[in-house]
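Heads up, the thing below is written out as structure tokens.
The values are calculated or read from the model by the stated rules, or taken from the named source; none is laboratory data. This structure is a prediction, so every number in the text was calculated from the model and none was measured. So basically every Cβ, Gly included, is an ideal-geometry build from the backbone, and we count neighbours across all protein chains shown. All accessible areas refer to the heavy atoms of the entire protein, side chains included, with ligands and DNA or RNA removed. Shrake-Rupley method; radii C 1.70, N 1.55, O 1.52, S 1.80 Å.
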Amino acid sequence: STMRKRKTTDSPHSSTDLSEGKEKLRLKQEVSLISGVSLIAGTMIGSGIFMSPEWVLHHMGSPTSSLLIWAACGLLAMFGALSYAELGTIIKESGGEYIYILRIFGSFPAFLFAYTSVILVRPAGLAAVCLSFAEYAVAPFYPGCSSPQVVIKCTAAACILLLTIINCLNVRLATSIMNIFTAAKLLALLVIVVGGVVLLAKGQTQSFQNAFENTTAGIGAVGVAFYQGLWSYDGWNNLNYVTEELKKPEVTLPRAVMIAIPLVTCLYLLVNVSYLAAMTPSEVLSSGAVAVTWGDKVLGSWAWLISLSVALSTFGSSNGTFFSGGRVCYIAAREGHMPDILSMAHVRCLTPSPALLFTSAMSLIMIISGSFTSIVNFFSFIAWFFYGMTISGLLYLKIKKPELPRSYKVPIIIPIIVLMAAVYLVLAPIIDQPQIEILYIVLFIFSGVILYFPLVRFKCHPRFLQKVTLHLQLFLEVAPTTGDAN
């Protein structure tokens, strides 16, 4: 009874204080066009461009076909982001896919998305980025050979634990790290691009002779190559998670998309050309860390700069993923789709520590059980399943509810193309090379039915869950954030 009394008397005051802290934790209330462009580009440029080129080339078989995949991925990301921009001007709420699915299709599919996102998709994304960081961080200690998997996984786990401590204890430190490390990733890519231009000027074009030779045409191989390429573009929808914080969202959202994504696409194509100028296709395929191999060949004794820059870049990207990782948790908990504990914040540090700790635990499990390429493939399968559902919602609104006010309209052919691509990306690997793991993922998504009806639909909450929540609240020193304006 003492604990219950303490909860009821302290909660209102704590909630007010924490709502202010939550605003500090979030992005600024007014995100301008420049900030929007930085948010999209900074999220997209992470580990993928340093890890995925060898896998795209592996699945496509030839340099030119792999470059076409990179360009097509950029175009698809652009089309997807433009479609989301219209959704963002119709449904002016933060939360991305979750809030769109909730408002268009209802509670049940939105719960399935939140359930899958919180337990699988976000932790998988963090695990993949941290494995990428680990690959580059340990590569200089194993010159000329592949780094041991045990060392890579232990380093990735240490990265996640460090990020957990930083983000749970100090918001200002976490945001400072994001800013510094964004500069590092841009510097690393610019060095690679300039180096590639110099090599091409010297006539090193051997990789582009007979460039379509050995091209793979299999439906499944192309789909998996798209998965690896699109991983590098992940984040194209990031601005839709902060729609409520945009200054003039009806203008800023589409304009930021039109600037950021073509910029990143051009940068990615130039970096891939630089890799192929410095290395033969077989050297790219045999490299465990393609940017490090590029540095060894082009920069010589200064090659360590590439390893350092890429490690800093991927660490910064993982920090950004971790920092924003509680948003879907928070909004889903606000809508009653997630446990209350995930919507709480630390009473002194003003950070969403329960959501961060949960994401950290799930990411550690994925690091132990998976590799970078397998995590990316399964992550992409789930992501494009829900992207397809969201885009079909936009098509529904365009056809059935054209009277809804919207300041920006995307031509209907664009979301149709994105929906067709989403269907292809979901079905192609299943048809061409069925894997039992994909069946497990589908079963996991629909296992949410078991939880939805008793816990959400009929609100059957066992008393012991309330006691567990209360004890966790006291142990973690967190309180509800129901007073948050969002």
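Would you mind checking LYS248/LYS401; LYS185/LYS401; LYS92/LYS459; LYS398/LYS459 for any pair whose Cα atoms are more than 31 angstrom apart?
On the way: LYS248/LYS401 23 Å; LYS185/LYS401 43 Å; LYS92/LYS459 28 Å; LYS398/LYS459 34 Å.
The answer is LYS185/LYS401; LYS398/LYS459.
Extension gain ILE219-HIS461, at 0.36 nm per residue separation less the Cα-Cα distance, in nm? If you can, show how the numbers build up before the last one.
Numbers: separation 242, 0.36 × 242 = 87.12 nm, distance 4.64 nm.
Going from the current span to full extension adds 82.5 nm.
Assuming 0.36 nm per residue, please report the length gained on full extension of the stretch SER38 to ILE259 beyond their Cα-Cα distance. All intermediate terms of the calculation are to be shown ahead of the outcome.
Values: separation 221, 0.36 × 221 = 79.56 nm, distance 1.00 nm.
My answer for the length gained is 78.6 nm.
Solvent-accessible area of GLU244, probe 1.4 Å, all protein chains present, reported in Å² to the nearest ten, please.
Solvent-accessible area, nearest 10 Å²: 60 Å².
In debye, nearest 20: dipole of the chain around its Cα centre with unit charges on the Cβ of K, R (+) and D, E (-)?
Working: 31 positive and 24 negative charges, 267 e Å.
The dipole of the chain has a size of about 1280 debye.
Full extension from ILE180 to GLN433: what is 0.36 nm times the residue separation minus their Cα-Cα distance, to one decimal in nm? Let's see the in-between values first.
Details: separation 253, 0.36 × 253 = 91.08 nm, distance 4.19 nm.
Full-extension gain reported as 86.9 nm.
Ignoring everything except DSSP H segments at least 4 long, calculate the 222 nm mean residue ellipticity for the chain; use -39,500 (n - 2.57) per segment, divide by total residues, nearest 500.
On the way: 22 runs with 347 residues, N = 486.
Per the formula, -23500 deg cm²/dmol.
For the stretch 33-478, with every protein chain kept in place, what is the accessible area per residue (1.4 Å probe, Å²)? Spell out each step's value before the answer.
On the way: 18080 Å² over 446 residues.
Ligands and nucleic acids excluded, the result is 41 Å² per residue.
With every protein chain present, what accessible area does PHE208 have (1.4 Å probe, heavy atoms only), rounded to the nearest 10 Å²?
For PHE208, solvent-accessible area is about 60 Å².
Between the stretch 449-479 and the stretch 111-131, what is the C-alpha centre distance in whole Å?
Between the Cα centres of the stretch 449-479 and the stretch 111-131 lies a distance of 21 Å.
Which helices of the chain meet both criteria: a Cα extent of 18 Å or more along the helical axis and a mean Kyte-Doolittle score no lower than 0.0, with helices taken as whole DSSP H segments?
Helices passing the filter in the chain: 63-90, 122-138, 149-169, 171-201, 219-232, 249-278, 304-323, 353-369, 372-400, 413-432, 463-476.
For LEU246, what residues show an amide H to amide H distance below 5 Å, using hydrogens built from the backbone and excluding near sequence neighbours?
So LEU246 has HN proximity to VAL31.
May I ask for the Kirkwood hydrodynamic radius of the chain, worked out over all distinct Cα pairs and given in angstroms to one decimal? Please report the intermediate quantities before stating the final value.
On the way: mean 1/r = 0.0431 Å⁻¹.
This gives a value of 23.2 Å.
Roughly how many Å² of LEU451 are accessible to a 1.4 Å probe, to the nearest 10?
LEU451 exposes around 70 Å² with every protein chain in place.
In the chain, what percent of the accessible surface is made up of carbon and sulfur (1.4 Å probe, ligands and nucleic acids excluded)? The partial results should precede the final answer.
Details: 13890 of 20820 Å².
Reported share for carbon and sulfur atoms: 67 percent.
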